[in-house]
Amino acid sequence: MKAIVQDAYGSADVLELRDIDRPVPADDEVLVQVHAAGVGPDVWHLMTGLPYAVRLFAGLRKPRNPVRGQDAAGRVEAVGAKVTRFKPGDEVFGVCEGSFAEYARAKADKLAPKPRNLSFEQAAALPISGITAFQVLRDKGRPQPGRQVLIIGASGGIGTLAVQLAAGYDAKVTGVCGPGKADLIRSLGATDVIDYTSEDITGGARRYDVILDIAGNRPLSVLRRALAPHGTLVLVGGENGDRWLGGLDRSLRALLLSPFLRQTLRGHFSRERHQDLLVLKDLAESGELTPVVDRTYPLGEAAAAMRHLEDGHPQGKIVVSVTDGS
Ligand SMILES: NC(=O)c1ccc[n+]([C@@H]2O[C@H](COP(=O)([O-])OP(=O)(O)OC[C@H]3O[C@@H](n4cnc5c(N)ncnc54)[C@H](OP(=O)(O)O)[C@@H]3O)[C@@H](O)[C@H]2O)c1
């Protein structure tokens, strides 16, 4: 089968399209014929091995799994002996081991039936970003109707979904994004938009009950100034270029500081769960959540997709199309 493979950590230049053996699913796994794969910072971290902390589980000297990609949507090709939830031919979406490939293995509990109304490309945009946005709001942010929610990084893979989900709680959502994206963010349910290149998040009089900090890596002091006295700040992401810990140090400082404040400061690590994929499926099928696909690249151009991601300004999720789904 064709797959995007790397032998060493590095920039997108290390990615090569090669013919390799089809993976064999273990007893609790499913073999998925991949139709589309999502491109996100998770793939970038595994490609570069940065921050170095990533290498503790991904392989110290080189990637343990040489095939890149995690998010996927496709059809079940085969199931392991203990898998009862799926059968060959089922359309699924979820998180695989190496989805930039014609076939990929996945734990059965990291897959769910694909939302019927979504294309494979849209469904591939949903798993990791959708799970993150959903878990952050349900478990950490918990916005109340009418409360002010600020979403920093509103135009990216997670942000475009978080804006829709927060609006679904009937919160008043303000999205923070770069130039030219205000119309998109409003169309997803935001009532206000801040262009961070011309306006500061602390500029106006408004203070926010919930802040989801997804991108930009602003200092805690700045974020706290924008937060209401009893508000909740959730640190979701933000690449700060630190080669050892990435943005982890900011989350640790927030954790240590929070008990001494009236404000609540929290970090977040999402967990890929079947039950949450099912919720995303229902939300997509009811029309409450529609993934935004930025651009689609053919499998052979996965390196170009990664370079586009590295530019840092996708509008929704970048997707690699592996087969046409027919
Ligand atoms: N905690 C977790 O469990 C978890 C899970 C998945 C991902 N993450 C992390 O979450 C972060 C975002 O992931 P993603 O998939 O949404 O990334 P993404 O799709 O690459 O989007 C990032 C967005 O941030 C915006 N941005 C860049 N600089 C900004 C700034 N200074 N202020 C505000 N927005 C800015 C960019 O658009 P503009 O053109 O609008 O600037 C871009 O659309 C990453 O750091 C990722 O590693 C965390």
Within the stretch 158-170, take every residue that is of a type in the set (A, V, I, L, M, F, W, C) and crowded, with 24+ Cβ neighbours inside 10 Å and give me the one that is nearest to the ligand (Cβ to nearest atom). ILE158
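Being surrounded by 24 or more Cβ atoms within 10 Å (Cβ to Cβ) and either part of a loop (DSSP other than H, G, I, E, B) or modelled with pLDDT under 95 (or both) is the requirement here; does SER155 meet it?
Yes: the conditions hold for SER155.
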Residues that are near the ligand (Cβ under 10 Å from one of its atoms) and open to solvent by 10 Å² or more (accessible area, probe 1.4 Å): does the stretch 103-122 have at least one? no
For GLU272, the lone unmet condition from (1) in contact (Cβ under 8 Å) with a residue 60 or more places away in the chain; (2) part of a helix (DSSP H, G or I) is (2)
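Of all residues in the stretch 133-152 being touching a Lys or Arg at 6+ places or on another chain (Cβ under 8 Å) and part of a strand (DSSP E or B), which is surrounded by the fewest Cβ atoms within 10 Å (Cβ to Cβ)? Quick ask: steps written out before the conclusion?
First, the residues of the stretch 133-152 that are touching a Lys or Arg at 6+ places or on another chain (Cβ under 8 Å): 135, 140, 146-149, 152.
Narrowing further to those that are part of a strand (DSSP E or B): 148-149, 152.
Numbers: GLN148: 20, VAL149: 27, ILE152: 26.
Ranking the candidates gives GLN148 first.
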How many of the residues in the stretch 290-320 are part of a loop (DSSP other than H, G, I, E, B) and within 14 Å of the ligand (Cβ to nearest atom)? 8
Subset tally (residues that are in a loop (DSSP other than H, G, I, E, B), among the charged types (D, E, K, R) and either modelled with pLDDT under 95 or within 22 Å of ASP139 (Cα to Cα) (or both)) for the stretch 207-264: 5
When the residues of the stretch 171-201 are narrowed to those that are assigned to a loop (DSSP other than H, G, I, E, B), within 12 Å of ILE152 (Cα to Cα) and not hydrophobic (A, V, I, L, M, F, W, C), which ends up farthest from the ligand (Cβ to nearest atom)? ASP200
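Among what's in the stretch 218-245 and is closer than 14 Å to HIS268 by Cα and open to solvent by 10 Å² or more (accessible area, probe 1.4 Å), pick the residue that is nearest to the ligand (Cβ to nearest atom).
Restricting to residues being closer than 14 Å to HIS268 by Cα and open to solvent by 10 Å² or more (accessible area, probe 1.4 Å), the top hit is GLY237.
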Failed condition for ALA182, given (1) in contact with a strand residue (DSSP E or B) (Cβ under 8 Å, 6 or more places away or on another chain); (2) open to solvent by 40 Å² or more (accessible area, probe 1.4 Å); (3) farther than 20 Å from LEU289 by Cβ, with all others met? (2)
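The values are calculated or read from the model by the stated rules, or taken from the named source; none is laboratory data. Quantities reported herein were computed from a predicted structural model and do not represent experimental measurements. No Cβ is skipped: glycine too gets one built from the backbone with ideal geometry, and neighbour counts run over all protein chains shown. Just so you know, the surface numbers come from the protein's heavy atoms only, side chains and all, with ligands and any DNA or RNA stripped out. Shrake-Rupley method; radii C 1.70, N 1.55, O 1.52, S 1.80 Å.
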